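**Q** Pasting in a structure now, in structure tokens, and then I'll have a few things to ask.
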Protein chains: 2
Amino acid sequence: MNAPLTEKTCGFADSQAVAAKLAALSHPARIEILRHLSASRSCCCREVVDHLDLAQSTVSQHLKILVDAGLVRYEPDRQRSRYEVDSDALEDVSRSLAALVNSCCSGR
Amino acid sequence: MNAPLTEKTCGFADSQAVAAKLAALSHPARIEILRHLSASRSCCCREVVDHLDLAQSTVSQHLKILVDAGLVRYEPDRQRSRYEVDSDALEDVSRSLAALVNSCCSGR
DNA sequence: AGCGTTCATCGTCTATCGGCGATAGACGAT
DNA sequence: ATCGTCTATCGCCGATAGACGATGAACGCT
């Protein structure tokens, strides 16, 4: 599912997928959110808001971005929605980047 | 390993650094550029332009972003400027992300 | 029933991104 | 000296990101 596709030839379309994942991670607030989420096992939006010194709406947006990117799981539990890190997805991104970097540094 | 700084408290400033690096990587064109650069050992702007179906000015911009992020080395060789991947820097980013992911998945 | 809390969404504003063409500087070649 | 090539930069634009406040729905509690 993830990619036994084109081997190391990779491809152009693939770049887009990786880029999209990395884009979701390329914001300090979102990284902080991930850290906080993982530290707290799982938590609601409010908890993140308190921790982060950003407006609730802004945090909600960042969370949505992370969810859309598939890096965070979301469960609308009554009021207190629960957000929790999708470890597998995260590790997958890390692996993707590592693969990219590796293929770029294969020369040395 | 590379960062015995603040342990797991990590820090807010640190997130910014990682985010900045990842931002440079979060664009398909730039990933393609990296791939091409690494495949060609080193090359000039024009070479990338031919390969990429983007205007020369656009490519130059992307290259600048990569250089500013410290992921690509730049040497203004007469006309034919030489761009080449900074393997160490790239690996460093990969490690940073891995560390982040790892700390987020420590629970499981 | 009514209040407080939580959250997602909407609209708005500003800044930045990503693209392009045009331009100017630096060279090599003629 | 002039022409063609390669770069980097500038100016411009549409689109998007990122922030906020306001709003309304859903819920718990009293």
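**Q** Taking only the range A:42-57 into account, find how many residues are of a type in the set (Ser, Thr, Tyr) and surrounded by 13 or more Cβ atoms within 10 Å (Cβ to Cβ).
**A** 1
**Q** Being free of Cβ contacts under 8 Å to residues at least 24 places away in the same chain and within 12 Å of DNA strand C (Cβ to nearest atom) is the filter here; which residues of the range A:24-39 pass it?
**A** A:Ser26
**Q** OK, next. Looking at the structure I just gave you, is A:Val59 among the β-branched types (Val, Ile, Thr), on the phi < 0 side of the Ramachandran plot and within 15 Å of the chain's Cα centre (by Cα)?
**A** yes
**Q** Now, a different point. Hey, among A:Ser38, A:Ser96, A:Ser106, which residue is under 30 Å from B:Leu34 (Cβ atoms), in a helix (DSSP H, G or I) and modelled with pLDDT under 95?
**A** Answer to the selection: A:Ser38.
**Q** Also, quick follow-up: Exactly one condition in (1) more than 13 Å from B:Ile33 (Cβ to Cβ); (2) at the interface with chain A (Cβ under 9 Å from one of its Cβ atoms); (3) at pLDDT 95 or above is false for B:Gly70; which is it?
**A** Exception for B:Gly70: condition (2).
**Q** Pull up the range B:59-87, narrow it to residues that are out of contact with any Lys or Arg (no Cβ under 9 Å at 6 or more places or on another chain), more than 8 Å from DNA strand D (Cβ to nearest atom) and assigned to a loop (DSSP other than H, G, I, E, B), then point me to the one that is farthest from B:Lys21 (Cα to Cα).
**A** Out of the qualifying residues, it is B:Arg78.
The values are calculated or read from the model by the stated rules, or taken from the named source; none is laboratory data. Bear in mind the structure is a predicted one, so any value in this text is a computation, not a measurement. Ideal geometry is used to build each Cβ from the backbone, glycine not excepted, and the neighbour counts take in all protein chains shown.
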